[in-house]
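Reading through the C-alpha cells given below for one structure.
Every number in this text was worked out from the coordinates using simple rules, so none of it is lab data. Bear in mind that the values here come from a model prediction, so they are computed numbers and not experimental data. Glycine also receives a Cβ, built like all others from the backbone with ideal geometry; neighbour counts cover every protein chain displayed.
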Amino acid sequence: MLHTDLRRREDGFTGLEAAIVLIAFIVVAAVFSFVVLKTGFHATEEGQYAIYKGVQQAGSGLEVSGTIYGVKPVQQEQLTIKSILIPISVPPGGAAVDVGSMSVRFVSPSFVEELRPNDPLMHAYPKDGCWSVQETYNNDNALLEPGERFLINITPTSMRGLHPNMQFTVEMKPAEGAPLRVVRRVPPHIDPVNELH
C-alpha cells in the first residue's frame, strides 16, 4: 500500500507540472499573438497612410483643358513660334494647386530651359524666358481649384531653335502633386496662331 501512495503522489505532481506547463504555453502563445497582431496593425496603418498620400498627390495634379496654341511673333518673317498657350485646370475632385509655386521647364531635342515666373504673374504677357497666367476663368488669384481654368503663356528664350515639324515638351510641376507633361510638334507651316498637336 505504501507503494501505491507514492505513485499517486508522483502522478499528482506530474499532473500539476503539466498544468503549469500548459498555462505557460497559453500565456506565451497569447503574448506572441498579441505582438504579431500589433505588428500587423502597424504595417496596415503604414500602408493605408502611403496609399492615402499617393492618392492625395495624384489627385492634386493638373490637366490640359482645351486646345494648345503656338503664337508666331507679329512682325517676324521667320518660321518660329514666340509663345505657347496651354489651358490648364484641376480634375474634378482634385485638390487646389498653387500655380504661383509651380515650376515650368521647356525641353526640345537641342536644349532644356527652366522658365521663371513672370513678374507680375497674373494677367500679363511674359518676358522672354518666363511664363505667366495670361487669362483666368472663374478665378482671380493664383490658386487653381476644381471648376476654374488658367491659360498659361510660356515664352522660352530658345524658341528660335524650333523649326517646323520639331517636337518639344513642356513640363509643369506644382509644389505638391503630379506634374503635367505636354508633348507637341511644331506644324509644317507656321501661321500667326497655330493649333499644336
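Here are a few things to note about the model shown:
- Phe106 vs. criteria surrounded by 17 or more Cβ atoms within 10 Å (Cβ to Cβ) and closer than 22 Å to His163 by Cβ: yes
- Residue in segment 157-167 that is part of a strand (DSSP E or B) and either closer than 18 Å to Pro73 by Cα or not acidic (Asp, Glu) (or both) present: yes
- Among the conditions (1) outside any strand (DSSP E or B); (2) in contact (Cβ under 8 Å) with a residue 40 or more places away in the chain; (3) over 28 Å from Tyr52 (Cβ atoms), Val170 misses just one, which is (1).
- Tally of residues being surrounded by fewer than 18 Cβ atoms within 10 Å (Cβ to Cβ) and on the phi < 0 side of the Ramachandran plot across segment 123-150: 15
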